[in-house]
1. In straight Cα distance, which aspartates and glutamates are under 13 Å from K172, not counting same-chain residues fewer than 8 positions off?
2. Work from the charge dipole of the chain (Cβ charges, +1 for Lys and Arg, -1 for Asp and Glu, about the Cα centre) and give the residue of V46, A149, A182 farthest towards its positive end.
3. Filter K33/K188; K90/K180; K117/K180; K27/K90 down to the pairs with a C-alpha to C-alpha distance above 19 Å, please.
4. Of the accessible area of the stretch 50-123, with the probe set at 1.4 angstrom, what percent is carbon plus sulfur?
5. Taking only Cα atoms and a 10 Å spring cutoff, compute GNM fluctuations for the chain and point out the largest among K90, K33, K117.
6. Give the percent of DSSP beta bridges with both residues in the chain that are antiparallel, rounded to the nearest 5.
7. Pull out a ≥ b ≥ c, the square roots of the eigenvalues of the alpha-carbon gyration tensor of the stretch 1-96, then state rounded if a/c is under 1.5, prolate if not and a/b is larger than b/c, and oblate in the remaining case.
8. Place a +1 charge on the Cβ of each Lys and Arg in the stretch 44-170 and a -1 charge on the Cβ of each Asp and Glu, then give the dipole magnitude about the Cα centre in debye, rounded to the nearest 20.
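The values are calculated or read from the model by the stated rules, or taken from the named source; none is laboratory data. Since the structure is predicted, the reported quantities are computational estimates derived from the model, not experimental observations. Note that each Cβ is placed from the backbone with ideal geometry, even for glycine, and that neighbours are counted across all protein chains shown. These area figures cover heavy atoms from the full protein model, side chains too; ligands, DNA and RNA do not enter into them. Shrake-Rupley method; radii C 1.70, N 1.55, O 1.52, S 1.80 Å.
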Amino acid sequence: MGFVASLARPGGNITGISNIGHELSAKRLELLKETFPTISRVAVLVTSDPIVASHVREIQRAAKALKIDVLSVELLRRDGLEQGLGLLSKWHADSMYFLETADHFANRKLLAEFAAKIRLPAIYPVRQYAEAGGLMSYGADYEANNRRAATYVDKILKGAKPADIPVEQPTKFELVINMKTAKTLGIKIPQSILVRADKVIE
């Protein structure tokens, strides 16, 4: 997106920890397809966040290889749920994919309730969504990233320039399955996925 010249040497006044959500877009879709092999019509829930377009491009690229059709649906607040439900029903969506955005994170419990209401399997970007009732998530460990970010604050307060501090990428990723939600939806999670999960919520 042009915020830094490179990860190794940002060159401007911005540095920090990347969640590399963009790079994980295809991986999440692959996990959704592996967990539910019969899906073919995935509704990608988006927002107006400027990062969304690049994420959707990656998902569409992966969807083509997996022979999955993709529909982008903007769903933000409670007053938009009925409209979103109408679109998903009309399009005959059989699964959902929630993008990693600030609005979605803030509304993660509401979005998990929406997915449960319409009884569609869904994948979310990070653990906190699964903890809020989402079926499954895959992404960087936000808490580990936040702890690492504190070291950046320390360096800058001691005089280091952001331009000279490399942007870090996460090294820890979590696959979380909410079995309580799976049971409520009557969904069976393959053993091959459960054994790879970093956390299973019972």
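1. Result set, ordered by chain and number: D141, E143, D198.
2. Of the candidates, A182 comes out farthest on the positive side.
3. Details: K33/K188 14 Å; K90/K180 28 Å; K117/K180 15 Å; K27/K90 27 Å.
Flagged as over cut-off: K90/K180; K27/K90.
4. Details: 2110 of 3960 Å².
So the carbon and sulfur contribution to the accessible surface is 53 percent.
5. K90
6. Close to 20 percent.
7. On the way: a/c = 3.08, a/b = 1.63, b/c = 1.88.
Oblate shape, in that a/c is at least 1.5 and b/c is the bigger or equal ratio.
8. Numbers: 17 positive and 16 negative charges, 24 e Å.
The dipole of the stretch 44-170 has a size of about 120 debye.
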